[in-house]
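Scroll down for the structure; my scribbles are underneath it.
The values are calculated or read from the model by the stated rules, or taken from the named source; none is laboratory data. Every value quoted in this text rests on a predicted model; they were computed, and no experiment measured them. Neighbour counts run over all protein chains shown; Cβ positions are idealised from the backbone, glycine included.
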Amino acid sequence: MLECNLSGFPAFAITFKSDSELFVTGGGGVNKSGISNKIIALRIDTDGLSEESEIDLSKEEEAPMAIAIGKNNTIISAIHQTKTANVSLRIFHKFQKKGKWVIEAKEQKDIYSTNAGEAYISVARYSRDKSSLALGSSDGRLTILNSAFKKIKSVKEDDEIYDIDFSADGKKVFYCTSKALHVLHNGSNKCVVVGGKLRAIRCFKDKVVCAMNERVGKKNFACLIEYDVSNGTLEQGRKIQLSKRLLAVSGMDLSDSGILALACGNLSIELWDVCTFKALSNIPDVHNIAITAISFSPSGKQLATTSVDSFVRVHDLDKVLKRSNLPMVVVLIILLLAILYQLWKS
């Protein structure tokens, strides 16, 4: 496991650009704490995980809560300007200058105005081919932009947009509030209301997997629900209740190979196979405080996490899964030895 201490900087979002490069964003928001709002670039190399470059953002604005990487090395984040009530999309570029990597602001585009006080963009997600960008806000706005950052679709819900994902071909957009899963396709907006509180969604082939927290009797549980979207509708498939020791699920990501990573309330990461709906491994004590974001690298071999504890940690999935398989190997060896012993006695 690799880690980088950002020295008092609370990180709220993280994303990989490549297997060796990732970006985090966050900060202290509009306050006098002295904690800056920043975008930070981190590098993974033979020396470990280290900070490569950063850009300070205005202290007169809220801390950015979402980040995404587009075409041509563009870095985007959306920031709420409290003085003007505008939510603006910021486009940044990372490049070498006098032998050093720097991040510079390129342009700013106002997305919408809001009177919702502390409303902010809580999630930003590109389609696989980077041709579309979807933004979800805490005041229930879903905004879809094209590659030139022109608005092509806007939806308003009554509840916060918690998560967004695109189908592999980019033709369907899935998003969830705490109460419902939605799919935008061919001009229609279909939804299914769930019984618990949705926290995260990811699309894999013709399925959408949802992480949900629900109350059963007097107990709270987290669960996974699968929906079939092959025909443009939302047909519920498998549902499985997670171990109560995990507490609630706060975030989720999915690798292209079908490994699902869940950020859990007990500060662990739970790994699942999305095809079999079987648990693969658990990474305990990932952070000292609640996990704020989770992201797979493009190859799916690394998993990065952030927290307000100021640490960014990157886990090697091959090593994690190999460790989880060791107990089974030991059991099989013991079983084999027992069989050999019985044969020897007879």
Taking the range 110-159 and keeping only residues that are of a type in the set (S, T, N, Q), in a strand (DSSP E or B) and farther than 21 Å from Ser178 by Cβ, one is left with Ser113, Ser132, Asn146
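For the range 52-72, name all the residues that are in contact (Cβ under 8 Å) with a residue 24 or more places away in the chain and assigned to a loop (DSSP other than H, G, I, E, B).
Listed by number, the residues that qualify are Lys59, Glu60, Glu61, Glu62, Ala63, Pro64, Met65, Ala66, Gly70, Lys71.
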Among the residues of the range 148-163 satisfying the criterion of being in contact (Cβ under 8 Å) with a residue 40 or more places away in the chain and in contact with a Cys (Cβ under 8 Å, 6 or more places away or on another chain), which is surrounded by the most Cβ atoms within 10 Å (Cβ to Cβ)?
Asp163
Among the residues in the range 91-114, are any among the aliphatic types (A, V, I, L, M) and under 18 Å from Ala134 (Cα atoms)?
yes
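Does Glu235 qualify as being surrounded by 13 or more Cβ atoms within 10 Å (Cβ to Cβ) and of a type in the set (D, E, K, R)?
Working: surrounded by 13 or more Cβ atoms within 10 Å (Cβ to Cβ): no; of a type in the set (D, E, K, R): yes.
So Glu235 does not fit the description; no.
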Would the range 313-322 turn up any residue that is among the basic types (Lys, Arg) and either modelled with pLDDT of 95 or more or touching a Ser or Thr at 6+ places or on another chain (Cβ under 9 Å) (or both)?
yes
All-but-one check, Asp110 against (1) over 15 Å from Ser137 (Cβ atoms); (2) loosely packed, with under 15 Cβ neighbours inside 10 Å; (3) touching a strand residue (DSSP E or B) at 6+ places or on another chain (Cβ under 6 Å); (4) of a type in the set (Asp, Glu), failing number (1)
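Looking only at residues in the range 18-36 that are polar (S, T, N, Q) and under 16 Å from His80 (Cβ atoms), which one is surrounded by the fewest Cβ atoms within 10 Å (Cβ to Cβ)? Show your work before the answer.
From the range 18-36, those polar (S, T, N, Q) are 18, 20, 25, 31, 33, 36; that's our starting set.
From what is left, the residues that are under 16 Å from His80 (Cβ atoms) are 25, 31.
Working: Thr25: 28, Asn31: 11.
So, considering only residues that are polar (S, T, N, Q) and under 16 Å from His80 (Cβ atoms), the one surrounded by the fewest Cβ atoms within 10 Å (Cβ to Cβ) is Asn31.
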Select from the range 256-299 the residues that are in contact with a Pro (Cβ under 9 Å, 6 or more places away or on another chain) and under 23 Å from Asp165 (Cα atoms) and list them in ascending order.
Asp256, Ile269, Thr292
With the requirement that a residue be farther than 17 Å from Asp316 by Cα, in contact with a strand residue (DSSP E or B) (Cβ under 8 Å, 6 or more places away or on another chain) and hydroxyl-bearing (Ser, Thr, Tyr), what does the range 262-294 give you?
Thr292
Are any residues in the range 198-224 of a type in the set (Lys, Arg), touching a strand residue (DSSP E or B) at 6+ places or on another chain (Cβ under 7 Å) and surrounded by fewer than 19 Cβ atoms within 10 Å (Cβ to Cβ), and if so, which ones?
Lys207
Of the conditions (1) surrounded by fewer than 19 Cβ atoms within 10 Å (Cβ to Cβ); (2) in a strand (DSSP E or B), Ala168 clears all except one; give me its number.
(2)
Test Ala78 against the stated conditions and say whether it is at pLDDT 90 or above and touching a strand residue (DSSP E or B) at 6+ places or on another chain (Cβ under 6 Å).
no
Among the residues of the range 113-134, write down those that are buried (at least 19 other Cβ atoms within 10 Å of the Cβ) and closer than 20 Å to Leu57 by Cα.
Ala119, Tyr120, Ile121, Ser122, Val123, Ala124
Name the single residue, out of those in the range 176-197 being over 18 Å from the mean Cα position of the chain (by Cα) and small (Gly, Ala, Ser), that is surrounded by the most Cβ atoms within 10 Å (Cβ to Cβ).
Gly196
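Among the candidates Phe9, Phe16, single out the residue that is closer than 16 Å to Ser77 by Cβ, under 21 Å from the mean Cα position of the chain (by Cα), not β-branched (Val, Ile, Thr) and not in a strand (DSSP E or B).
Working: Phe16 fails: not in a strand (DSSP E or B).
Being closer than 16 Å to Ser77 by Cβ, under 21 Å from the mean Cα position of the chain (by Cα), not β-branched (Val, Ile, Thr) and not in a strand (DSSP E or B) holds for just one of Phe9, Phe16, which is Phe9.
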Any idea which of Ile40, Ile44 is closer than 25 Å to Leu321 by Cα and buried (at least 20 other Cβ atoms within 10 Å of the Cβ)?
Ile44
